[in-house]
Each structure stands twice: as structure tokens, then as C-alpha cells.
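Scroll down for the structure; my scribbles are underneath it.
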Amino acid sequence: MRRLLALSFAGMAGAVMAQPQACDNGIVTAVADDPALRTAICTASDRGLSVLRDCGLRQPETLTIAAVAQVDTPCLGLFHCGEQFVEVLTPGAMSELRDSEGLFAHLPVERLFDSVVAHELAHSTMDGAPCPFDNCIASQEYFAYAVQIASLTETERAPIEARLEPDQKVSRDNINAMILFMAPHRFGAYTWVHLTQRDGMCAYLGRVQSGDLVFDRPHP
């Protein structure tokens, strides 16, 4: 779910052809051909926004989320920096691309879709956050995975937590770009367990969102 620095004109063109629907949350505009899918985007965005709201974290002022048949990267969703625009694969497209051994393999595709919306929505709230390096992708993904997993139920989170050994301590050293790129699902599991081992989870996420706390390191 890596970020792109420029808007995908092909993706935006496809989104423009679909129908927009303003969600009741007053923040998200859902774009999809299927009215049921627009409703699903709104419901999923409500879940993501509730995680941010309950933690007192910054929410996006406005955000357009479009369901598309494909994105420009081998990802399930994509936030376009500086555009407040998200593309997520339709559930049908997700079912073709999803990793059967991945972190969210246990979720029905509809719930996977919901969680990806929450993930990309979280990215939108960190757009422009201060970063002392060329990029802060590990910090960005930590925040997005945290919101994504927090949007799940306890039952849905259990298989994620079970990927690590019981009582395994996760340190900041485990949160880095190398693990993100080489083993993204392990990165996601590390993120959630690391966060749950912190005191004041919401305050901790607030520091990440503001750019006060970063997991990234300068390149050698």
C-alpha cells in the first residue's frame, strides 16, 4: 500500500465516470458504479473515522475514495499524496489479488475491503507530516496499519496477534522500512503488538501522526 507522489490520471478518469455519493459523516465522498459499493465505502470510512475520533486523532477535512478495478501498484489501495484522493480495489478485484497467506487472509473479502479503506484513510491524515529524512514510510505505514487493525473486531484481530509468540516483546528496532518491504505482513503484526505494548496507545499514535515520533532512519 505504498504512496505515490503524483495522481494517477488513468485512475482518476475511471473514478470520474463513476457516480459520487457524499457520506453521512460529512467528510468522505464515495465514488463507484455500484450504489451498494458506494454505501460500503461510506460504512468503512465510518469505521476508520471512529478509530481516529475515539483516540482524539486528527481526521481528514475532506477525502474522496473511489472503488476501481485496478491501481498502478500491486496494492489493494492507494492514497495519492497532496490530492486527498484514495483508490481502493473493488472487493472482486481484491479477491483476485489478495495474499492467501497474508496478515488479513482470515478476513472475508468484504471486511478486507473495509480495513483497506481505513488504512488509506489513515494515510490521508499524515499527508504533509514533518519528516527529518527523504521519506518516513515506516512511520506512515505504522500509523496506517495501526488504524486498519484497530478498525477490526477483537475476534478479527486475534489471528494477527497470534502470528507472534505469546508475550514476545516488540521494540522500535522491529519497526523499519526493511521489514516493511521484505515482509509487510510481519511489519503489520509487529505494528499492532508494539502499539498494544505501549502505555497510552492513543497518545502514542498522536505522536506518530504529528511527526513527533518517527521509526525511519537515515540511509547509510
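General observations
- Within the range 29-58, being over 22 Å from residue 202 (Cβ atoms) and in contact (Cβ under 8 Å) with a residue 60 or more places away in the chain holds for 40, 41, 43.
- Flag for residue 160 being β-branched (Val, Ile, Thr) and either within 19 Å of residue 116 (Cβ to Cβ) or touching a residue at least 60 places away in the same chain (Cβ under 8 Å) (or both): yes
- Under the condition of being within 19 Å of residue 150 (Cα to Cα), touching a strand residue (DSSP E or B) at 6+ places or on another chain (Cβ under 7 Å) and open to solvent by 30 Å² or more (accessible area, probe 1.4 Å), the residues counted in the range 27-60 number 0.
- Filtered by the rule that a residue be in a helix (DSSP H, G or I) and among the aliphatic types (A, V, I, L, M), the range 171-191 gives 177, 178, 179, 180, 182, 189.
- Filtered by the rule that a residue be under 27 Å from residue 59 (Cβ atoms) and loosely packed, with under 14 Cβ neighbours inside 10 Å, the range 170-191 gives a lone residue, 172.
- Number of the exception - residue 154 against (1) among the charged types (D, E, K, R); (2) exposed (fewer than 15 other Cβ atoms within 10 Å of the Cβ); (3) modelled with pLDDT under 95: (3)
- Counted residues, the range 192-213 - those being within 11 Å of residue 139 (Cα to Cα), in a loop (DSSP other than H, G, I, E, B) and open to solvent by 30 Å² or more (accessible area, probe 1.4 Å): 1
- Of all the listed residues (127, 134, 167, 114), the sole one being open to solvent by 10 Å² or more (accessible area, probe 1.4 Å) and closer than 22 Å to residue 198 by Cβ is 167.
- In the range 61-79, the residues that are in contact with a helix residue (DSSP H, G or I) (Cβ under 6 Å, 6 or more places away or on another chain) and open to solvent by 10 Å² or more (accessible area, probe 1.4 Å): 67, 68, 69, 76
- Residue that is surrounded by the most Cβ atoms within 10 Å (Cβ to Cβ) [pool: residues in the range 85-102 that are at pLDDT below 95 and within 20 Å of residue 137 (Cβ to Cβ)]: 102
- When the test is whether a residue is over 15 Å from residue 59 (Cα atoms) and outside any helix (DSSP H, G or I), residue 165 passes it.
The values are calculated or read from the model by the stated rules, or taken from the named source; none is laboratory data. Just so you know, these numbers come straight off a predicted model, no measurement behind them. Note that each Cβ is placed from the backbone with ideal geometry, even for glycine, and that neighbours are counted across all protein chains shown. We work out accessible area using only protein heavy atoms, side chains counted, and drop any ligands, DNA or RNA first. Shrake-Rupley method; radii C 1.70, N 1.55, O 1.52, S 1.80 Å.
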